[in-house]
1. Could you check, for segment 169-190, whether at least one of its residues is part of a loop (DSSP other than H, G, I, E, B), in contact (Cβ under 8 Å) with a residue 40 or more places away in the chain and buried (at least 19 other Cβ atoms within 10 Å of the Cβ)?
2. Scan segment 93-118 and report the pairs whose first residue is on the phi > 0 side of the Ramachandran plot and in contact (Cβ under 8 Å) with a residue 12 or more places away in the chain and whose second residue is in a loop (DSSP other than H, G, I, E, B) and surrounded by fewer than 23 Cβ atoms within 10 Å (Cβ to Cβ), with Cβ atoms within less than 7 Å and a gap of 6+ or a chain change.
3. Is it the case that residue 95 is within 17 Å of residue 3 (Cα to Cα) and modelled with pLDDT under 95?
4. Quick test for you: out of 9, 81, pick the one residue that is assigned to a helix (DSSP H, G or I), at pLDDT below 95, out of contact with any helix residue (DSSP H, G or I) (no Cβ under 7 Å at 6 or more places or on another chain) and more than 19 Å from residue 108 (Cβ to Cβ).
5. Which condition from (1) surrounded by fewer than 21 Cβ atoms within 10 Å (Cβ to Cβ); (2) more than 13 Å from the chain's Cα centre (by Cα) is the one that residue 21 breaks?
6. Which one is nearest to residue 98 (Cα to Cα), of the residues in segment 12-26 that are part of a loop (DSSP other than H, G, I, E, B) and modelled with pLDDT under 85?
7. Quick one: which of 142, 160 is under 17 Å from the mean Cα position of the chain (by Cα), within 21 Å of residue 42 (Cα to Cα) and buried (at least 18 other Cβ atoms within 10 Å of the Cβ)?
């Protein structure tokens with residue numbers, strides 16, 4: 001089963017609040033964006049935004065130049081329906097982050113919670129980093145969250161990678177200056193705990 005088919009099946013059969021990664025508000029991500037100091041006109045892309053409420057919270061905070069990318073059309077449609085007329089303020093992209101062609105130097109801030117750790121081959125990780133390097137403006141902000149060293153080894157039936165701050169930063173390379181990192185214990189909707197790692201970098 002290819003990546004798109006897998007995630008279309010997940011989103012077609014599970015309610016948004018019943019997947020393990022669901023969180024009502026991504027407080028850590030929102031705090032990092034606030035500390036990054038980008039203005040409300042900054043161009044922000046959310047990778048794997050799916051059915052996440054992250055875009056809702058960004059709109060509520062006045063951000064006006066938002067893009068949400070997900071491999072699942074089903075997930076995108078759920079979020080657009082939830083937002084109603086506010087969905088018209090967002091640019092929606094459907095595609096695999098490894099394959100989609102993004103506009104070069106288009107984004108001031110790149111956000112990814114729980115996509116990168118699904119890239120289990122070096123080739124896919126290299127392709128992802130190349131996408132970031134091309135699509136983010138020099139001096140731009142990159143926030144990536146993965147499972148931490150004590151996080152799960154599988155998610156949604158798929159194998160995942162686990163990272164510490166050094167190993168995650170090492171995947172991105174010298175052009176990415178690590179500003180800060182932190183770990184977060186995420187409570188899943190069904191009562192278990194998952195360790196997430198957050199890394200915030202600047203693209204030099």
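1. Quick first cut of segment 169-190, residues part of a loop (DSSP other than H, G, I, E, B) only: 173-175, 188-190.
From the residues that got through so far, the ones that are in contact (Cβ under 8 Å) with a residue 40 or more places away in the chain too are 173, 175, 188-190.
Narrowing further to those that are buried (at least 19 other Cβ atoms within 10 Å of the Cβ): none.
No, every residue in segment 169-190 fails to be part of a loop (DSSP other than H, G, I, E, B), in contact (Cβ under 8 Å) with a residue 40 or more places away in the chain and buried (at least 19 other Cβ atoms within 10 Å of the Cβ).
2. Listed pairs, sorted by first residue: 114/21; 114/48.
3. Working: within 17 Å of residue 3 (Cα to Cα): yes; modelled with pLDDT under 95: no.
Taking the combined requirement at face value, the residue does not satisfy it.
4. Numbers: 81 fails: at pLDDT below 95.
Selected residue: 9, the only one of 9, 81 that is assigned to a helix (DSSP H, G or I), at pLDDT below 95, out of contact with any helix residue (DSSP H, G or I) (no Cβ under 7 Å at 6 or more places or on another chain) and more than 19 Å from residue 108 (Cβ to Cβ).
5. (2)
6. So the first thing to find is which residues in segment 12-26 are part of a loop (DSSP other than H, G, I, E, B), and the list is 14-15, 19-26.
Filter again for modelled with pLDDT under 85, leaving 14-15, 20-22.
Working: 14: 25, 15: 26, 20: 23, 21: 21, 22: 23 Å.
This residue is 21.
7. Numbers: 160 fails: within 21 Å of residue 42 (Cα to Cα).
From the options 142, 160, the qualifying one is 142.
Per-residue answers, yes or no, for (1) surrounded by 16 or more Cβ atoms within 10 Å (Cβ to Cβ); (2) within 29 Å of residue 164 (Cα to Cα):
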site	(1), (2)
58	yes, yes
64	no, no
100	no, yes
111	yes, yes
129	yes, yes
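The values are calculated or read from the model by the stated rules, or taken from the named source; none is laboratory data. Here the structure is a predicted model, which means the values were calculated and not measured. With ideal geometry, Cβ positions are generated from the backbone for all residues, glycine too; neighbour counts draw on all protein chains shown.
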